[in-house]
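**Q** This is the structure, below, for whatever I ask next.
The values are calculated or read from the model by the stated rules, or taken from the named source; none is laboratory data. Since the model is a prediction, treat every value here as computed from it, not as a measurement. Here Cβ is always computed from backbone atoms with ideal geometry, including for glycine, and neighbour counts include all displayed protein chains. Accessible surface areas use protein heavy atoms only, side chains included; no ligands, DNA or RNA. Shrake-Rupley method; radii C 1.70, N 1.55, O 1.52, S 1.80 Å.
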Amino acid sequence: MKKFESTIKHTEESLTGLAHMQYDLFCATDRNVKTLISICLFAVGALNVSKWWGLLLIAYGSYLFSSKYAAANRTARQIFQQLKQADGGFPSSKYIFEENKMRVITLPNNSELEPLPYSKVEGLGEDFDNFYIFRNRYGGYVIPKSELGEDKDAFKSFIETKTGKIFRNRHSRFVGLRQWLRKRENEPYHL
């Protein structure tokens, strides 16, 4: 039985958003190592600012620190180039959310991909315009909030309940605290 339905015609913005969310959800170790290296380079450069290479270290450390989505943007550009070479344009999809699974139908040929059981979802993300559902760390789906209208809060609650995960908002720094509090609510000694 269908609970929710959404359709998307991908754009450069939607695919870039998907790549950024993928980086946020699955590349935390890479991001942390990159940040640590950039801070070290900046600090060593600041201690040696009177030497020419000190300024170079400061500049490179600053670049590393500020280029958070460089890898994600590179991936998105590669996808854009592949789409342009294939002359197929940006893909369109229809998502049907049922009680125990998500169905994905490619448009306009209406071919259905293998359904995704909610128990197999590896990550959930959200930004101002879209929800993101990742089947694994290498691929996911973009669900525009505008397609859900007033049902977006009900949709969010439904998916979080079915997957046992919460939507990670890349603009919020308190997601970990929210997860911990939710987990604590269900512990027997907290009830």
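**Q** Among the residues of the range 92-105, are any open to solvent by 30 Å² or more (accessible area, probe 1.4 Å), closer than 16 Å to Ile8 by Cβ and out of contact with any His (no Cβ under 8 Å at 6 or more places or on another chain)?
**A** yes
**Q** Contact list please: Cβ distance under 8 Å, first residue in the range 77-106 and over 16 Å from Tyr141 (Cα atoms), second residue at pLDDT 90 or above, pairs at least six apart or on different chains.
**A** From residues that are over 16 Å from Tyr141 (Cα atoms), the pairs are Asn100/Pro117; Asn100/Tyr118; Asn100/Lys162.
**Q** Being in a helix (DSSP H, G or I) and free of Cβ contacts under 8 Å to residues at least 12 places away in the same chain: is that true of Val33 here? Walk me through it before giving the result.
**A** Working: in a helix (DSSP H, G or I): yes; free of Cβ contacts under 8 Å to residues at least 12 places away in the same chain: yes.
Answer is yes for this residue.
**Q** Going by the conditions given, is Glu13 part of a strand (DSSP E or B), open to solvent by 60 Å² or more (accessible area, probe 1.4 Å) and not hydroxyl-bearing (Ser, Thr, Tyr)? Break it down stepwise before answering.
**A** Working: part of a strand (DSSP E or B): no; open to solvent by 60 Å² or more (accessible area, probe 1.4 Å): yes; not hydroxyl-bearing (Ser, Thr, Tyr): yes.
No, not satisfied.
**Q** Restricting the search to the range 147-167, which residues are touching a strand residue (DSSP E or B) at 6+ places or on another chain (Cβ under 9 Å) and open to solvent by 60 Å² or more (accessible area, probe 1.4 Å)?
**A** Glu147, Asp151, Lys152, Lys162, Lys165, listed by residue number.
**Q** Hey, could you check the range 16-39 for residues that are modelled with pLDDT of 90 or more and open to solvent by 70 Å² or more (accessible area, probe 1.4 Å) and say which is farthest from Tyr95 (Cα to Cα)?
**A** Out of the qualifying residues, it is Ile39.
**Q** For the list (1) open to solvent by 40 Å² or more (accessible area, probe 1.4 Å); (2) more than 23 Å from Ala28 (Cβ to Cβ); (3) modelled with pLDDT of 85 or more; (4) not hydrophobic (A, V, I, L, M, F, W, C), I need the number of the one condition that Asn186 fails.
**A** (3)
**Q** Could you grab me the full set of residues in the range 40-63 that are within 30 Å of Gly123 (Cβ to Cβ) and open to solvent by 80 Å² or more (accessible area, probe 1.4 Å)?
**A** Tyr63
**Q** Out of Ser172, Ser119, which single residue is at pLDDT 90 or above, open to solvent by 40 Å² or more (accessible area, probe 1.4 Å) and of a type in the set (S, T, N, Q)?
**A** Every option except Ser119 fails the conditions.
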